[in-house]
């Protein structure tokens, strides 16, 4: 079985608190984009056999896809093995849920192969044990995600808007960013209600003028280069730019493909991982 595991961006991201167990409480608007890994899952002889198109990505239980298979096998007492192959296109340590979406794809594929009566809701309840983005990646689309990522409210689709992604030549540790945000005094929080209204009205300009990610307070301070990437979006007639997740990817929205292409060509001279894509 072959699935497309789509990347996500955060149109807004707020940290609203910390639970006693250390997990951060979030309020964020998530959006799928047309950039994806290809995940192939088949029954195997025994155990979990994971392979990846990129040699530097671990293929043991450090990989969320491996952990997802492990968790599914344990949850449903699966006796057979599973073979998984991931063709990676989504940048790593980029804030695009590359690992989480692969894990979600493995859960969905194994459900269809072994336990077809299991609902998406049940899969999402399993997926939250793997990471905050996994429940959203089970559903995809446009959604408000709250709690530690497990409370999902589906929104009207915000599809077919042009954006350019720039992943600079460094990655960011999500764990370290969340650890540091606790020590920051964040003054500018997103107005989620205004953003939801803008999304529901399919108002790209309003979305762009209200995009806020509080984790920029950590990541952009560490890597001022990200400000340059954001500023160049506006210099090339983009409508707005934001860091996705904990970084390091910056995305910029464009109303016109001509200017998106100009920005892409300009940034491609400086960075290896630049993508023109759309919301889906």
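A quick yes/no check of all residues on (1) in contact with a helix residue (DSSP H, G or I) (Cβ under 8 Å, 6 or more places away or on another chain); (2) within 15 Å of residue 115 (Cβ to Cβ); (3) exposed (fewer than 15 other Cβ atoms within 10 Å of the Cβ):
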{"site": "43", "(1), (2), (3)": "yes, yes, yes"}
{"site": "48", "(1), (2), (3)": "yes, no, no"}
{"site": "56", "(1), (2), (3)": "no, no, yes"}
{"site": "60", "(1), (2), (3)": "yes, no, yes"}
{"site": "70", "(1), (2), (3)": "no, no, no"}
{"site": "75", "(1), (2), (3)": "yes, yes, no"}
{"site": "79", "(1), (2), (3)": "no, yes, yes"}
{"site": "83", "(1), (2), (3)": "no, no, no"}
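Return the residues of region 218-229 that are crowded, with 20+ Cβ neighbours inside 10 Å and within 23 Å of residue 257 (Cα to Cα); say none if nothing qualifies. Matches in region 218-229: 226, 229. In region 230-248, which residue that is touching a helix residue (DSSP H, G or I) at 6+ places or on another chain (Cβ under 6 Å), modelled with pLDDT of 95 or more and under 22 Å from residue 26 (Cβ atoms) is surrounded by the most Cβ atoms within 10 Å (Cβ to Cβ)? Among those residues, the one meeting the criterion is 243. Those helices (runs of 4 or more DSSP H) of region 215-280 in which 2 or more residues are outside the structural domain of residue 27 (by TED's automatic domain parsing), free of Cβ contacts under 8 Å to residues at least 40 places away in the same chain and over 23 Å from residue 204 (Cα atoms) occupy 216-222, 257-268. Within region 1-20, being under 25 Å from residue 244 (Cα atoms) and surrounded by fewer than 24 Cβ atoms within 10 Å (Cβ to Cβ) holds for 3, 4, 6, 14, 15, 16, 17, 18, 19. Pairs meeting the criteria (first residue in region 167-192 and in the same structural domain as residue 233 (by TED's automatic domain parsing) and at positive phi, second residue at pLDDT 90 or above and part of a loop (DSSP other than H, G, I, E, B), beta carbons under 8 Å, at least 6 apart or on different chains) are lacking.
Quick check on my filter: what residues within region 133-153 are touching a helix residue (DSSP H, G or I) at 6+ places or on another chain (Cβ under 7 Å), surrounded by fewer than 22 Cβ atoms within 10 Å (Cβ to Cβ) and farther than 30 Å from residue 263 by Cβ? Those that are touching a helix residue (DSSP H, G or I) at 6+ places or on another chain (Cβ under 7 Å), surrounded by fewer than 22 Cβ atoms within 10 Å (Cβ to Cβ) and farther than 30 Å from residue 263 by Cβ: 139, 150, 152. Checked against (1) in contact with a helix residue (DSSP H, G or I) (Cβ under 6 Å, 6 or more places away or on another chain); (2) without any contact (Cβ under 8 Å) to a residue 40 or more places away in the chain, residue 117 passes all but a single condition, namely (1). Quick check on residue 96: is it outside any helix (DSSP H, G or I), crowded, with 17+ Cβ neighbours inside 10 Å, modelled with pLDDT of 95 or more and out of contact with any helix residue (DSSP H, G or I) (no Cβ under 6 Å at 6 or more places or on another chain)? Here the answer is yes, as residue 96 does meet what is asked. Annotation note: of 123, 163, 130, 107, the sole residue that is outside any loop (DSSP other than H, G, I, E, B), touching a helix residue (DSSP H, G or I) at 6+ places or on another chain (Cβ under 8 Å) and touching a residue at least 40 places away in the same chain (Cβ under 8 Å) is 163.
The values are calculated or read from the model by the stated rules, or taken from the named source; none is laboratory data. Just so you know, these numbers come straight off a predicted model, no measurement behind them. Please note: Cβ atoms are built from the backbone with ideal geometry, for glycine as well, and neighbour counts cover all protein chains shown.
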